[in-house]
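Visitor: This structure is in structure tokens; I'll ask about it shortly.
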Ligand SMILES: CCCCC/C=C\C/C=C\CC/C=C/CC(=O)SCCNC(=O)CCNC(=O)[C@H](O)C(C)(C)COP(=O)(O)OP(=O)(O)OC[C@H]1O[C@@H](n2cnc3c(N)ncnc32)[C@H](O)[C@@H]1OP(=O)(O)O
């Protein structure tokens with residue numbers, strides 16, 4: 001009950017950006033982000049933010065064990081942290097990564113989309129939309145340091161970034177695998193993939209629910225770089241330096257030029273998109289597919 005109320009409060013904060021998330025780790029300093037003494041940490045329980053003001057760079061680390069599923073709380077805390085960084089002129093770039101070993105993100109939290117009320121589905125879907133819009137159009141340089149497996153919503157998060165570095169580990173596959181769950185990637189997930197890899201590759205990947213291992217991911221362009229696992233963070237920092245060498249206003253306007261038409265398609269019909277999601281996710285057949293998939297995941301251990 002407390003969790004539900006907490007989630008609603010957090011979700012309401014999305015609509016009230018002046019109502020700030022309390023600094024869960026206020027003013028902690030240390031070498032955690034590899035930046036030496038100047039590194040400061042803030043954020044929330046599930047979304048850690050390590051900042052290096054001298055470099056103008058922050059690192060957002062998702063920490064929702066065991067699999068970094070994107071629960072309503074994670075989505076909300078992520079948006080608030082991102083907004084906080086964007087409103088602070090100190091920061092020009094952010095690296096998005098995971099604090100859960102071997103898992104970047106398992107994608108949207110299936111338990112948020114299964115066996116819940118219509119009101120809950122609507123609240124959840126609005127939060128998914130919000131994070132996508134904020135990340136996709138962020139003024140910051142956003143680089144994904146993908147240090148684990150990254151299916152569906154996890155892949156979507158990285159696709160919203162400006163650049164993707166993936167750790168070279170055969171277990172770390174990435175892709176929009178929705179069809180394997182018996183569900184369908186919404187049009188704006190599809191658009192984000194098409195804008196990254198092109199129409200034909202996206203069509204094949206989406207219909208087959210392909211999860212690409214690193215070499216394949218690089219070949220089709222769903223990631224930009226594959227590096228040894230222990231170099232993901234340093235590679236992301238090097239890429240960041242290159243992107244930050246471009247004057248902000250020119251890069252930001254160009255990013256907007258490239259991405260706004262795609263984002264506008266959702267912005268113009270957000271409520272309709274929520275209704276569409278509600279109708280789709282509430283179908284008995286879809287709920288059954290999700291339950292079966294979740295049961296399979298749970299039984300894997302037993
Ligand atoms: C024309 C009509 C169009 C209409 C379109 C309209 C609307 C669109 C409608 C719906 C679209 C919705 C979009 C959804 C996108 C998504 O992101 S769905 C999520 C997809 N994710 C996955 O498939 C990944 C599933 N997970 C895994 O494969 C593995 O867990 C893993 C990530 C590879 C990790 O494996 P590992 O062995 O380490 O861990 P476990 O599998 O044992 O899992 C531990 C624990 O975590 C639970 N869990 C795993 N993933 C999720 C998840 N995504 N959500 C919630 N919970 C998850 C798992 O069940 C285990 O739980 P436990 O047994 O209780 O400990």
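Visitor: Tell me which residues, restricted to segment 177-189, are touching a helix residue (DSSP H, G or I) at 6+ places or on another chain (Cβ under 7 Å), in a helix (DSSP H, G or I) and buried (at least 18 other Cβ atoms within 10 Å of the Cβ).
Guide: Within segment 177-189, 181, 188, 189 qualify.
Visitor: In addition: Condition first: touching a helix residue (DSSP H, G or I) at 6+ places or on another chain (Cβ under 8 Å), without any contact (Cβ under 8 Å) to a residue 24 or more places away in the chain and more than 13 Å from residue 94 (Cα to Cα). Now tell me which residues in segment 36-57 satisfy that.
Guide: 54
Visitor: Before we move on, is residue 70 surrounded by 24 or more Cβ atoms within 10 Å (Cβ to Cβ) and touching a residue at least 12 places away in the same chain (Cβ under 8 Å)?
Guide: On the way: surrounded by 24 or more Cβ atoms within 10 Å (Cβ to Cβ): yes; touching a residue at least 12 places away in the same chain (Cβ under 8 Å): yes.
Yes: the conditions hold for residue 70.
Visitor: Which of the residues that make up segment 66-99 are more than 9 Å from the ligand (Cβ to nearest atom) and part of a loop (DSSP other than H, G, I, E, B)?
Guide: We begin by selecting, within segment 66-99, every residue more than 9 Å from the ligand (Cβ to nearest atom); these are 72-99.
Within segment 66-99, 87, 88, 89, 90, 91, 92, 99 qualify.
Visitor: Which one of the conditions (1) at pLDDT 95 or above; (2) surrounded by 15 or more Cβ atoms within 10 Å (Cβ to Cβ); (3) more than 16 Å from the ligand (Cβ to nearest atom) does residue 54 fail to meet, given that it meets all the rest?
Guide: Of (1) at pLDDT 95 or above; (2) surrounded by 15 or more Cβ atoms within 10 Å (Cβ to Cβ); (3) more than 16 Å from the ligand (Cβ to nearest atom), only one is false for residue 54: (2).
Visitor: Let me ask another. If a residue has to be in contact with a helix residue (DSSP H, G or I) (Cβ under 6 Å, 6 or more places away or on another chain) and outside any loop (DSSP other than H, G, I, E, B) to count, how many in segment 152-162 make the cut?
Guide: Looking only at that region, the number is 2.
Every residue, every condition in (1) within 16 Å of the ligand (Cβ to nearest atom); (2) touching a residue at least 40 places away in the same chain (Cβ under 8 Å); (3) under 30 Å from residue 55 (Cα atoms), yes or no:
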| site | (1), (2), (3) |
| --- | --- |
| 236 | no, yes, yes |
| 259 | no, yes, yes |
| 263 | no, yes, yes |
| 271 | yes, no, no |
| 281 | yes, yes, no |
| 284 | yes, no, no |
| 289 | yes, yes, no |
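Visitor: Any idea which residue in segment 179-214 is farthest from residue 129 (Cα to Cα), counting only those that are touching a strand residue (DSSP E or B) at 6+ places or on another chain (Cβ under 8 Å) and touching a residue at least 40 places away in the same chain (Cβ under 8 Å)? Before you say what the answer is, go through the steps one by one.
Guide: The initial filter retains those residues of segment 179-214 that are touching a strand residue (DSSP E or B) at 6+ places or on another chain (Cβ under 8 Å), namely 205, 209-212, 214.
Now narrow it down to the ones that are touching a residue at least 40 places away in the same chain (Cβ under 8 Å): 211, 214.
Working: 211: 23, 214: 27 Å.
In this case the residue turns out to be 214.
Visitor: Starting from residues that are over 15 Å from residue 178 (Cβ atoms) and surrounded by fewer than 12 Cβ atoms within 10 Å (Cβ to Cβ), keep the ones in segment 284-296 and report whichever is farthest from the chain's Cα centre (by Cα).
Guide: Once the filter is applied, the top-ranked residue is 284.
Visitor: Right, next: Have a look at 165, 149 and point out the one that is within 15 Å of the ligand (Cβ to nearest atom) and assigned to a strand (DSSP E or B).
Guide: Details: 165 fails: within 15 Å of the ligand (Cβ to nearest atom).
Answer to the selection: 149.
Visitor: Quick one: which of 125, 132 is within 26 Å of residue 235 (Cα to Cα), out of contact with any strand residue (DSSP E or B) (no Cβ under 9 Å at 6 or more places or on another chain) and in a helix (DSSP H, G or I)?
Guide: Values: 125 fails: within 26 Å of residue 235 (Cα to Cα).
Result of the check over 125, 132: 132.
Visitor: Tell me which of these residue 247 doesn't satisfy, since it passes every other one: (1) loosely packed, with under 11 Cβ neighbours inside 10 Å; (2) within 16 Å of the ligand (Cβ to nearest atom).
Guide: (2)
The values are calculated or read from the model by the stated rules, or taken from the named source; none is laboratory data. Treat the numbers as computed from the prediction; the structure is a model and nothing was measured. A quick note on method: Cβ atoms are made from the backbone with ideal geometry, for glycine too, and the neighbour counts reach across all protein chains shown.
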